[in-house]
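Single-structure report; data block below.
The values are calculated or read from the model by the stated rules, or taken from the named source; none is laboratory data. All figures in this text were calculated on a predicted structure; none of them were measured in a lab. Neighbour counts are summed over all protein chains in view; Cβ atoms, including those assigned to glycine, are modelled from backbone coordinates with ideal geometry.
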Amino acid sequence: MPMQTSQPTKTILRLELPTDPRWVNIAEKNIEEILVDHAYCEQKAASSGISLIVKYPDKTKLVEEMTELVAEEWSHFERVLAELKKRGYSLGRNRPDEYVVELTKHIRKGDRRERQLMDHLLVNALIEARSCERFKLLWKNIADEDLQKFYYELMVSEAGHYVSFVKLAKEYMPADEVDARLKELLAIEAEIIRNLQPRHDRMH
Ligand SMILES: [Fe+2]
Ligand SMILES: [Fe+2]
């Protein structure tokens, strides 16, 4: 049985389209591939945080928050590696992440540097939100009790990252512009999810 506890994601995330319920069934049957893909998601989250620091070293708050986030994402990566090792699996090769590729196309170039930063932060926020939603499904539905606990913890952590990314965007752009863009991107994100087949070997 999944742990009985509060559901912090319910009120925080504003995703427009819930994950296809078939995904959790196919994911559970392919835990090796899901863990491998998940490991790469954490690795990409860490490297995306580093890229933001490299690109915007003048934004002190961003540098501070991303430094913390990178450390957390890296520890998630380590923990997924440990879960793989425990089961006799290894990391293996990286796979293209169609979801992230499609979403990243909506980071607008040109105009103010801050506008591009806002888009980048909001795209990262949505990746966090969707990962959080998937972790929640795994926590509530997966049979393996160790993984239930693991995904519960990660769900809480990624929900926090979602909130931090949106807040950070509001440090650099007016709140109403951020909210309007978030609304647009939420619709775009739902469309991307609608057009992707649920896959047995992908976290997204
Ligand atoms: Fe993470
Ligand atoms: Fe995260």
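So here's what we get for this one:
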quantity: Considering residues of region 140-167 that are small (Gly, Ala, Ser) and touching a residue at least 24 places away in the same chain (Cβ under 8 Å) only, the residue nearest to ligand 1 (Cβ to nearest atom); calculated: SER157
quantity: Any hit, region 62-70, residues being surrounded by 11 or more Cβ atoms within 10 Å (Cβ to Cβ), over 20 Å from SER157 (Cα atoms) and away from ligand 2 (no atom under 12 Å from the Cβ); calculated: no
quantity: From LYS170, LYS109, residue being away from ligand 1 (no atom under 15 Å from the Cβ) and assigned to a loop (DSSP other than H, G, I, E, B); calculated: LYS109
quantity: Residue satisfying all of: in region 140-166; polar (S, T, N, Q) and within 16 Å of ligand 2 (Cβ to nearest atom); farthest from the chain's Cα centre (by Cα) among these; calculated: SER164
quantity: Among the residues listed as THR19, THR11, the single one being in contact with a Lys or Arg (Cβ under 9 Å, 6 or more places away or on another chain), at pLDDT below 90 and either surrounded by 18 or more Cβ atoms within 10 Å (Cβ to Cβ) or of a type in the set (S, T, N, Q) (or both); calculated: THR19
quantity: The listed residue being part of a helix (DSSP H, G or I), in contact (Cβ under 8 Å) with a residue 40 or more places away in the chain and either touching a Gly at 6+ places or on another chain (Cβ under 7 Å) or more than 19 Å from ILE193 (Cα to Cα) (or both), out of LEU137, LEU122, LEU126, LEU117; calculated: LEU117
